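One structure is given below, encoded as structure tokens.
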Amino acid sequence: MVRGIRGATTVEQNEEAEILHATRELFDSIIEENGVLADDIASVLITVTTDLTAAFPAKAIRTKPGWEYVPVMCTMEIPVPGGLANCIRLLVHANTEKTQREIVHVFQKEAQRLRPDLAHVRK
């Protein structure tokens, strides 16, 4: 069964190195928390807020050894007034036997405000 695993993080600066580092850190945490492998992933959708233009965050996943064949796509987040700035969001579509309740969604840094009900949940 395919399940969606959500995650989000923030960066302080619109700089390539910081965007790639934060994306990789978030992705690695999602993978570790949910025990999934590259072959388990159907695709990854990444959104960034409109203030992040220095890098394609997908590069952080595509350059991860063993993950180069995982389909990854980037797009812009809807610019809602008052929305969280400097934010990177991931939606990982993974083949897993876990139930929705067993999936661990990962919210880091300022992005914990997006889903406080899930930000501290660890199975």
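Rundown of residues vs (1) surrounded by fewer than 21 Cβ atoms within 10 Å (Cβ to Cβ); (2) modelled with pLDDT under 95; (3) under 15 Å from Asn95 (Cα atoms), yes/no style:
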{"site": "Val2", "(1), (2), (3)": "yes, no, yes"}
{"site": "Ala8", "(1), (2), (3)": "no, no, no"}
{"site": "Glu16", "(1), (2), (3)": "yes, no, no"}
{"site": "His21", "(1), (2), (3)": "yes, no, no"}
{"site": "Glu33", "(1), (2), (3)": "yes, no, yes"}
{"site": "Asp39", "(1), (2), (3)": "yes, no, yes"}
{"site": "Ile46", "(1), (2), (3)": "no, no, no"}
{"site": "Thr50", "(1), (2), (3)": "yes, no, no"}
{"site": "Thr53", "(1), (2), (3)": "yes, no, no"}
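Listed by position, the strands (runs of 3 or more DSSP E) inside segment 20-123 whose residues that are more than 15 Å from the chain's Cα centre (by Cα) and of a type in the set (Val, Ile, Thr) number at least 2 form an empty set. Provide a single number: the residues in segment 72-87 that are touching a residue at least 24 places away in the same chain (Cβ under 8 Å) and either exposed (fewer than 13 other Cβ atoms within 10 Å of the Cβ) or of a type in the set (A, V, I, L, M, F, W, C) (or both). Of the residues in segment 72-87, 10 are touching a residue at least 24 places away in the same chain (Cβ under 8 Å) and either exposed (fewer than 13 other Cβ atoms within 10 Å of the Cβ) or of a type in the set (A, V, I, L, M, F, W, C) (or both). The one condition from (1) within 13 Å of Arg24 (Cα to Cα); (2) exposed (fewer than 13 other Cβ atoms within 10 Å of the Cβ); (3) out of contact with any helix residue (DSSP H, G or I) (no Cβ under 9 Å at 6 or more places or on another chain) that Thr63 does not meet is (3).
The values are calculated or read from the model by the stated rules, or taken from the named source; none is laboratory data. In this text, all values refer to a predicted model and were calculated from it rather than measured experimentally. Note: ideal-geometry Cβ built from the backbone for every residue, glycine included; neighbour counts use all protein chains shown.
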